[in-house]
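To keep things clear, I will list the structure first and then write my remarks on it.
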Amino acid sequence: MRSLLFVPGDNTRMIEKALASDADAVILDLEDAVPEDRKDAARETAGAVVAAARAARARPEIVIRINSLETERWNADLSAAMRDPPDAIMLPKPRSGADVERLSAEMSRLETARGHVEHRTRIIAIATERAASLLAMPSYVGASPRLSALAWGTEDLSAEIGAVAAHDEDGRVSSPYRLARDLCLITATAANVDAIDQVYVALRDFAGLEREARAAARDGFGGKLAIHPDQLPIINAAFTPRTEDVETARDLVAAFARRGAAAGAFEHQGRMVDLPHLVRAQRLIARADDAGRRRR
């Protein structure tokens, strides 16, 4: 998924707009975007949206962000969400992979009790919102077969740390949060799941958004969180491989195929290449193919 758009789970107008947008996934938020007195309404609205979306021929993936397992609200959130299971549940503020295991176990219990296909609904964990989680990042590796992505962000972590800001004078992410970003990417790689880049909160700074999105794609992130539909074209473009890069990758894969088992290190188009270059080329082609499927 290149773009994952947050939308308040109780706002039907915004949800309809999000579902008609170019987002690869729409996140129906039951957590931070919904005030306390609207939590019940958001659960009902999100459940109805998932039920209706199932019948659509073409739609974005539907993700529901529940409240943290540290709260008393998450059980009610999950119970409502799993009446007609979405594509994924987003877990905020986990303290370690044990929270992913706990969530997955409750999802399995609800699936069995309600006759749903087990393990169809995945988990996306925002793994950097608690300082304790950063010290437990290896615990996410193998935490659950449902885990499909790790995301990161600065807002909750900087609040917990007590930082004045998470960015320096030039608008760049400062040192503690670069560490969180890097740990998210490396842990996602070790867990063989997608790494998702943080939201960009300056809504009208499209140049800054493009710079951050392209840097994330360059470094290996597979997509980016969004908070407004206007951000989607920039994010989708940043995480869609360029045609010329795909052609170069396909040419390299073909060169390895011609050499067969004898392929080791060899010169290709004036550069020395070996197995890591092949792996990168294959992954770029897979990303391009996935982007192509989502455009149809």
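FYI, it's all coordinate maths here, none of it is from the lab. Since we're looking at a predicted model, the values are computed, not measured. Positions of Cβ are generated from backbone atoms using ideal geometry, with glycine treated the same way; all protein chains shown enter the neighbour counts.
Shown for region 88-154 is the translational diffusion coefficient from the Stokes-Einstein equation, using the Kirkwood radius over Cα pairs, a temperature of 37 °C and a viscosity of 0.692 mPa s: 274 µm²/s. Pull up the DSSP beta bridges for region 52-208 and report the antiparallel fraction as a percent, rounded to 5. Beta bridges within region 52-208, antiparallel portion: roughly 5 percent. For the chain, the spherically averaged projection of the C-alpha convex hull amounts to 17.4 nm². Amide H contacts of Glu61: Ala25, Val26, each under 5 Å away and 5 or more positions distant or on a separate chain (H built 1.01 Å from N in the peptide plane; Pro and chain starts excluded).
The dipole here belongs to region 243-295: it is taken about the Cα centre, uses +1 on the Cβ of Lys and Arg and -1 on the Cβ of Asp and Glu, and is about 240 debye. Compared with the dominant principal axis of the Cα atoms in the chain, helix 175-191 is inclined by about 80°. Put in line by how crowded their Cβ is, counting other Cβ atoms within 10 Å and starting with the fewest, Val141, Val164 read Val164, Val141. Each Lys and Arg contributes +1 and each Asp and Glu -1, all at the Cβ; summed about the Cα centre of the chain, the dipole is approximately 1100 debye.
Kindly work out what percent of the DSSP beta bridges joining two residues of the chain are antiparallel, to the nearest 5.
Here the antiparallel bridges make up roughly 10 percent for the chain.
Region 215-271 and region 65-141 have Cα centres spaced 31 Å apart.
Close amide H partners of His116, meaning residues 5 or more places away or on another chain with modelled amide H under 5 Å apart, do not exist here. For Lys39, the lysines whose Cα comes closer than 21 Å to its Cα, not counting residues fewer than 8 places off in the same chain, are Lys17, Lys93.
Amide H to amide H, with H built 1.01 Å from N, Leu147 comes under 5 Å of Ile123, counting only residues 5 or more places away or on other chains. Label reach from Glu169 (point 7 Å along Cα→C-beta): in region 175-210, amide nitrogens under 19 Å belong to 175-176. Working from Cα positions, state the angle (0 to 90°, nearest 10) between the long axis of helix 275-295 and the longest principal axis of the chain. Rounded to the nearest ten degrees, it is 50.
For region 123-184, report the % of Cα-Cα distances exceeding 14 Å. Tail of P(r) above 14 Å: 56 percent of Cα pairs.
The residue list Leu91, Ile161, Val193 was ranked by how far each Cα lies along the charge dipole of the chain toward its positive end, using unit charges on Cβ atoms, and Val193 comes out on top.
Axis angle, to the nearest 10 degrees, between helix 39-53 and the longest C-alpha principal axis of the chain: 50 degrees. Quantify how much of the Cα-Cα distance distribution of region 157-296 extends past 23 Å, in percent. Summing the P(r) of region 157-296 above 23 Å gives 47 percent of all pairs. Annotation: for a label point projected 7 angstrom from Cα along Cα→Cβ of Glu36, residues of region 1-17 with backbone N closer than 19 Å are 9-10.
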